[in-house]
Each structure stands twice: as C-alpha cells, then as structure tokens.
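None of the figures in this text is laboratory data; all of them are computed from the coordinates on show. Values in this document were obtained by computation on a predicted structure and should not be read as measured data. Please note: Cβ atoms are built from the backbone with ideal geometry, for glycine as well, and neighbour counts cover all protein chains shown.
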Amino acid sequence: MNRNHPDSRTISGWRQKAAGILVAALPTLAFLAADTTVSLTAGLIAAGTAAVATFAWRLLHRQKLRQAVIGLATVTVCATVAALTGQARGFFLVPAMIPFIVLAVCLISIMIRRPLTGVLLNKVSGGPPDWRSITPLRRVYTASTCICIAVNIVNAVLQVVYYRGDEPVVLGIVHIATGPVFAAIVAGTVTFARRTVRTVRTQPSRAAH
C-alpha cells in the first residue's frame, strides 16, 4: 500500500467527521433559512425539527447518548431564548457566551500548569498519567491551549460585534465555523501529542523535567 495515500479507514474517518460537523450545523442552518425567508416562528420550528432529526441521526449512528442529548438541549435553549426575546439574534445569545467561558477556563488551566487540552485529550493521545511532568508533552498541550485562547478571543469579539449589530446570519456563520476550527485544533493536538509520546518513550532521559 502506498503510504503517501490515505487508506480506506482514514477516508472513512474523515467522512464521518465531516458528516458530524454538517449534522451539528443543521439546526442553525435550518433556523437561518426559515427565519430569513419566512419568519422567526418558522425559524424556530425548523430548528426544532432539525434538532430532533439530528438527535435521531446520532442515535442511529451509535454516537454517545450524552453528545446527542447535549446537542438537542442546546438547540432547545437557543430556541427558547429567541422565542422569549422575540429576536432572531436571541438564538445565538447562549452560544455567544461560550467563548468567554472557554477563554477563562483555558487561562486558569495554564496558570495552574494543567493546560486544558492536556486534561481533555491526553488519554486519547496515549499520553502517560504523569504527562504534566514531561516537559515536551506539556509544551504541546500548552501550545494548543494557547491556540484555543487566541481562537476564543477572536470568536468572542465577533460574537459581541455582530450580536450588538443584530446580524443573526453572520452570528450563525461564526457559530457554525467554530465546529471545524476546534475539530482541527483537537486533531492537531492529538497528532503532535502522539508524536511526542513516541519520542519520549525512545528518549526517556530527555523527557523528564
């Protein structure tokens, strides 16, 4: 097999991830399409219908029940806020708060020398339980957490600007775009962490802090 070309398992994994991102974006896309062309009420109905369909799709593809429930609950909360405010931008009020929360968590995690990506992804990356004492590995997680901080700063600014400007379509685009961006950060973190783990195992004397 040519190593320069991805095998069928890799291609299948990419397709599943792409499908997952599209499915996650479906309720937002449905809301924006119906709200823009018909009315806010139609947008809420479309979002709710898409959310239920997304929930069923995730269960059908045997994704974690927690992930499916969180997705459904998120759309429900967003739709409720939009209904209460009577504004389309209200659908994105809760998502607009997320970057600030993630930003604070990332900053605190670095301050206490427990970078968030390490806490969340070390097990997936095959890192040892004592990864914080391994300087090269900790640097990988610190770097990717810093990237998360930068992305969330940009995200937070965009959310505030376009929420205040009452631009629900742009808010929707920003909201949808965060999925692929953070998926890329996760993939990059896991890739570099696994490489570092392999290097550490072959050169243990250089890994210790």
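Would you be so kind as to identify which of VAL75, THR28, VAL186 lies farthest towards the positive end of the dipole of the chain, taking Lys and Arg as +1 and Asp and Glu as -1 on Cβ and the Cα centre as origin?
VAL186
How much length, in nm to one decimal, is gained on full extension between ARG139 and ALA53, taken as 0.36 nm per residue of separation minus their Cα-Cα distance?
Numbers: separation 86, 0.36 × 86 = 30.96 nm, distance 4.09 nm.
Gain on extension, ARG139 to ALA53, equals 26.9 nm.
Once phi is turned into ³J(HN,Hα) by the Karplus curve 6.51 cos²θ - 1.76 cosθ + 1.60 with θ = phi - 60°, what whole-Hz value does each residue of segment 152-161 show in order, with x for glycine and proline?
6, 5, 4, 4, 4, 4, 4, 4, 5, 4
Within segment 90-189, list the trypsin sites (Lys or Arg not before Pro) lying in a DSSP loop whose Cβ has at most 15 other Cβ atoms in a 10 Å radius.
ARG113
Would you work out which of ILE112, PHE55, MET97 lies farthest towards the positive end of the dipole of the chain, given +1 charges on the beta-carbon of Lys and Arg and -1 on that of Asp and Glu, about the Cα centre?
Toward the positive end, the furthest listed residue is ILE112.
Determine ³J(HN,Hα), in whole Hz, for all residues of segment 37-54 in sequence, where each value follows from phi through the Karplus function 6.51 cos²θ - 1.76 cosθ + 1.60 and θ = phi - 60°; x replaces Gly and Pro.
Calculated HN-Hα couplings, in order: 8, 10, 6, 4, 4, 4, x, 5, 5, 5, 5, x, 5, 5, 5, 5, 5, 5 Hz.
Give the residue from ALA156, PRO168, CYS146 lying farthest towards the positive end of the charge dipole for segment 119-209; charges sit on Cβ (+1 for Lys and Arg, -1 for Asp and Glu) and the dipole is referred to the Cα centre.
Looking along the dipole axis, the top candidate is CYS146.
About the Cα centre, and with charges only on the beta carbon of Lys, Arg (+1) and Asp, Glu (-1), how big is the dipole of the chain? Nearest 20 debye, please. Walk me through the numbers on the way to the answer.
On the way: 21 positive and 5 negative charges, 268 e Å.
My answer is approximately 1280 debye.
Which distance in nm do the two modelled labels at ALA177 and THR199 give, with both placed 7 Å along the Cα-to-Cβ direction?
Once both label points are built, they end up 3.2 nm from each other.
Between 0 and 90 degrees, rounded to the nearest ten: what's the tilt of helix 65-85 against the longest Cα principal axis of the chain?
The two axes meet at around 40 degrees.
Can you give the helix-only mean residue ellipticity at 222 nm for the chain, where every DSSP H stretch with n ≥ 4 adds -39500 (n - 2.57) and the sum goes over all residues, rounded to the nearest 500 deg cm²/dmol? All intermediate terms of the calculation are to be shown ahead of the outcome.
Numbers: 8 runs with 170 residues, N = 209.
After summing the helix terms and dividing by the residues of the chain, the value is -28000 deg cm²/dmol.
When the convex hull of the Cα atoms of the chain is projected onto a plane and the area is averaged over all directions, what value comes out in nm²?
Values: hull surface 55.8 nm².
Reported value for the Cα convex hull: 13.9 nm².
Using bins 5 angstrom wide from zero, how does P(r) for segment 80-151 break down, in % of all Cα pairs?
3, 16, 21, 16, 12, 8, 8, 7, 5, 3, 0
With θ set to phi - 60° and the Karplus curve 6.51 cos²θ - 1.76 cosθ + 1.60, what are the ³J(HN,Hα) couplings of segment 115-130 in order, to the nearest whole Hz, using x for Gly and Pro?
My calculation for segment 115-130 gives x, 4, 5, x, 4, 8, 10, 4, 5, 5, 7, x, x, x, x, 8 Hz in order.
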